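The values are calculated or read from the model by the stated rules, or taken from the named source; none is laboratory data. Predicted, not measured: the structure shown is a model, and the values here were computed from it. We place every Cβ from the backbone using ideal geometry, glycine too, and count neighbours over all the protein chains shown.
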Amino acid sequence: MHQALRSRRPGGVRTPQRTHSSLRRLGAAQGGGLWVALVLLSLYFSWSTGSFFTQSNLLVVLEQVSVLGMVAVPGAMLLVSGNLDLSVGSVAGLSAAMFGEFDKILGWPMLVSFLGALAVGALWGTMNGVLVSYLGFSPVIVTLGGFAGAAGLAQTITSDTTRSGFGSLFGQLGNGTLAGVPVPGVIFVVVFGVGAYIWYETRTGRHLIAIGANKEAANALGVSARRLPCVIYIISGTTAALGGLIVTAQLDGASVQIGVGLELQVLTAILLGGVAFTGGRGSLWGTLAGILFIGVLDDGLILINVGPYVADLAVGAALVVAAALDVLYQRLERVPVPDAPEPALEPGLVPALERTPEEGADGA
Amino acid sequence: MPDVRALEVTDISKRYGPVVALRGVSLGLDYGEVLGLVGDNGAGKSTLISIISGVNRPDSGEILVDGRPWEQAGARTTRAAGIETVFQTLALVPTLSIAENMYLGRELYGPGRLATALRRIDKSRMRGEVEQAFDRLGLTMPAVTSKAGSLSGGQRQAVAVARAVLWGSRVVIMDEPAAALGVAQTEAVLGLIARLKAEGIATLLVSHNMEHVLKVADRVAVLRLGRKIADLDLRERPVSGMELVGLITGASPGSPG
């Protein structure tokens with residue numbers, strides 16, 4: 001076995017480490033297992049109601065998960081980098097309330113109020129980011145403070161009054177359609193698409209994982225372990241504000257009640273999707289499965305006339321199962337691999353190092 | 001080779017609260033030279049390395065890279081200047097693949113202008129380059145898509161050393177590079193140091209193993225309690241392991257070189 005693995009092939013083809021492949025497949029199945037569960041759940045609802053796989057119902061599911069989903073995208077990026085934003089629900093409520101104040105009390109034009117409300121979310125995100133990334137405060141404590149603080153601020157400013165009557169143009173944000181697809185769903189798809197590009201196709205994705213898995217290594221290698229999470233906190237605050245505005249548009253009412261419980265829904269979706277709570281491991285596709293799982297479960301249980309409490313129970317149970325699988329996977333990962341080949345450094349075979357110009361020249 | 005030094009640190013001091021880690025240490029490193037750095041635990045080796053590699057900043061002192069004053073601005077700029085470090089902790093991310101670890105912090109964009117403008121990274125090219133680099137270094141490794149966490153200790157060390165050798169175009173710092181390696185692989189790492197030397201790259205080798213240091217180093221600097229107490233040129237006169245141990249432990253007083 002050792003000899004076979006050590007033999008160097010001329011074409012530079014690496015000998016794969018076969019002994020580990022089954023474990024690795026299991027690891028990939030972390031997000032994958034949830035996709036299977038999602039398909040089974042959908043098939044079950046389809047079989048029991050007949051109306052699950054209709055275009056209108058699937059669009060309802062998309063619309064239902066859109067706010068949760070768009071906030072979960074930066075949320076997953078934060079969690080995988082060892083960060084956490086528990087303030088998103090309250091920030092959504094604060095931004096919605098501020099939009100009402102800007103539009104109705106200050107009489108700003110709708111678009112200016114809209115941008116102002118987004119800026120409120122971005123500012124709160126900046127505060128979270130600076131406190132956590134640059135000043136080294138605990139993300140749980142800072143954003144738990146934000147969870148209480150943003151809600152309290154919103155209630156103080158609005159005196160707990162709901163404003164309404166923002167006009168039909170603003171209503172389009174929540175209730176309009178684009179080519180038959182609800183506008184919030186379109187926004188979610190766009191946010192997820194951009195997020196997936198950033199996660200999988202740019203250096204940001206691997207840098208976030210590196211920061212979450214080994215912060216010291218990230219620092220030593222020049223990965224921006226402070227700036228990057230700070231930027232994601234800002235994005236998190238901004239998408240939370242956007243989510244709050246979408247709900248405001250759906251209800252035509254700016255209430256501080258908007259966004260209540262959003263942070264736990266977001267966290268549940270991300271954890272269901274297999275992002276490790278301690279950071280360093282996870283995927284955005286898994287997070288999408290987590291988002292859709294919650295949406296399908298809620299929708300399907302309503303279709304088969306089961307109350308919303310059962311949906312919460314089912315989501316909770318699924319989360320515990322996911323956590324159990326996570327522990328199991330980590331145990332398996334630690335099993336020593338019997339046949340791991342030592343790197344065969346052969347002194348006699350070390351040829352002169354050739355450095356290609358791009359390698360040497362490519363700086364930061 | 002121009003007669004500027006690859007790296008020169010002058011009068012570096014660093015304290016952590018009441019603990020003085022370095023007191024006015026000066027060290028020079030020529031291109032194509034291997035400098036062994038030895039000292040007991042707590043002598044200041046790791047602090048000095050963290051300062052040169054850009055992870056920490058000195059309280060006072062000057063650093064010259066290629067004869068020019070060098071303002072420490074973090075690990076990123078240090079690496080961009082061609083100074084690479086094999087940390088004792090190896091600085092690998094277990095949940096990223098071998099190729100991702102090799103290119104962490106210096107990912108390649110592309111292919112093409114559009115992809116570069118969109119900040120898209122060229123995964124297949126990076127994987128290919130890593131495979132080629134392992135071939136050139138004579139390293140047989142698992143697939144470059146394997147996660148670093150699935151590797152054995154020796155394999156991890158090999159990845160960390162290969163990364164520094166691949167990117168270090170001016171100075172390579174190795175902090176105990178052979179700690180987890182067997183006999184044959186240790187020989188190979190020492191062989192790599194000889195190759196770096198032949199390429200004109202300056203190497204700073206930190207090791208507790210006097211035999212290794214004396215085998216490959218051109219000079220040996222000894223740190224004790226934050227001071228450099230000796231700087232011996234092995235090309236001028238042979239130095240024994242016993243002599244080094246005497247300097248390290250304080251049995252012989254030494255003289256700042």
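Give me the residue from the range B:147-173 that is in a helix (DSSP H, G or I) and either touching an Asp or Glu at 6+ places or on another chain (Cβ under 6 Å) or on the phi > 0 side of the Ramachandran plot (or both) and, out of that set, farthest from the other protein chains (Cβ to nearest Cβ). Applying the filter and picking the extreme gives B:ALA164.
Considering the range B:180-198, the residues that are modelled with pLDDT of 90 or more and facing another protein chain (nearest Cβ under 8 Å) include one that is farthest from B:PHE87 (Cα to Cα), namely B:ALA198. Any residue at all in the range B:97-115 that is at the interface with another protein chain (Cβ under 9 Å from one of its Cβ atoms) and either under 14 Å from the mean Cα position of the chain (by Cα) or over 22 Å from A:ASN219 (Cα atoms) (or both)? Looking for residues that are at the interface with another protein chain (Cβ under 9 Å from one of its Cβ atoms) and either under 14 Å from the mean Cα position of the chain (by Cα) or over 22 Å from A:ASN219 (Cα atoms) (or both), one finds at least one in the range B:97-115, hence yes. Residues in the range B:95-121 that are under 16 Å from A:ILE198 (Cβ atoms) and either buried (at least 18 other Cβ atoms within 10 Å of the Cβ) or at pLDDT 95 or above (or both): B:GLU100, B:GLU107, B:TYR109, B:ARG120, B:ILE121. When B:VAL245, B:VAL222 are screened for being part of a strand (DSSP E or B), farther than 18 Å from B:TYR31 by Cβ and among the β-branched types (Val, Ile, Thr), only B:VAL222 passes.
Which residue is nearest to A:SER133 (Cα to Cα), if the candidates are limited to the range A:84-95 and must be touching an Asp or Glu at 6+ places or on another chain (Cβ under 8 Å) and part of a loop (DSSP other than H, G, I, E, B)? Filtering the range A:84-95 for residues that are touching an Asp or Glu at 6+ places or on another chain (Cβ under 8 Å) and part of a loop (DSSP other than H, G, I, E, B), the one nearest to A:SER133 (Cα to Cα) comes out as A:ASP85.
Restricting attention to helices (runs of 4 or more DSSP H) lying wholly within the range A:183-276, give those where 2 or more residues are more than 14 Å from chain B (Cβ to nearest Cβ), modelled with pLDDT under 95 and within 30 Å of A:ASP160 (Cα to Cα). Because the criterion is at least 2 residues that are more than 14 Å from chain B (Cβ to nearest Cβ), modelled with pLDDT under 95 and within 30 Å of A:ASP160 (Cα to Cα), the helices (runs of 4 or more DSSP H) in the range A:183-276 that meet it are A:262-272. Among the residues making up the range B:116-137, none is under 18 Å from A:LEU221 (Cα atoms) and small (Gly, Ala, Ser). Taken together, the residues in the range B:155-189 that are surrounded by fewer than 20 Cβ atoms within 10 Å (Cβ to Cβ) and touching a Pro at 6+ places or on another chain (Cβ under 8 Å) amount to 2.
Among B:ARG79, B:ARG113, which is under 30 Å from A:LEU208 (Cα atoms), free of Cβ contacts under 8 Å to residues at least 12 places away in the same chain and of a type in the set (D, E, K, R)? It is B:ARG113.
Is one or more of the residues making up the range A:262-279 among the aliphatic types (A, V, I, L, M) and farther than 21 Å from A:PRO139 by Cα?
no
The set of residues in the range A:271-282 being crowded, with 24+ Cβ neighbours inside 10 Å and closer than 16 Å to A:ALA37 by Cβ consists of A:LEU272, A:GLY273, A:GLY274. Within the range A:45-83, the set of residues being part of a loop (DSSP other than H, G, I, E, B), in contact (Cβ under 8 Å) with a residue 24 or more places away in the chain and surrounded by fewer than 24 Cβ atoms within 10 Å (Cβ to Cβ) comprises A:SER51, A:PHE52, A:GLY82.
In this entry, B:GLY241 passes the filter for residues that are surrounded by fewer than 23 Cβ atoms within 10 Å (Cβ to Cβ) and either within 14 Å of chain A (Cβ to nearest Cβ) or over 19 Å from B:THR89 (Cβ atoms) (or both). Among the residues of the range B:130-146, those that are more than 7 Å from chain A (Cβ to nearest Cβ) and either among the charged types (D, E, K, R) or surrounded by 20 or more Cβ atoms within 10 Å (Cβ to Cβ) (or both) comprise B:VAL130, B:ALA133, B:PHE134. Quick one: is A:VAL120 in a helix (DSSP H, G or I) and surrounded by fewer than 24 Cβ atoms within 10 Å (Cβ to Cβ)? Against the criterion (in a helix (DSSP H, G or I) and surrounded by fewer than 24 Cβ atoms within 10 Å (Cβ to Cβ)), A:VAL120 does not qualify.
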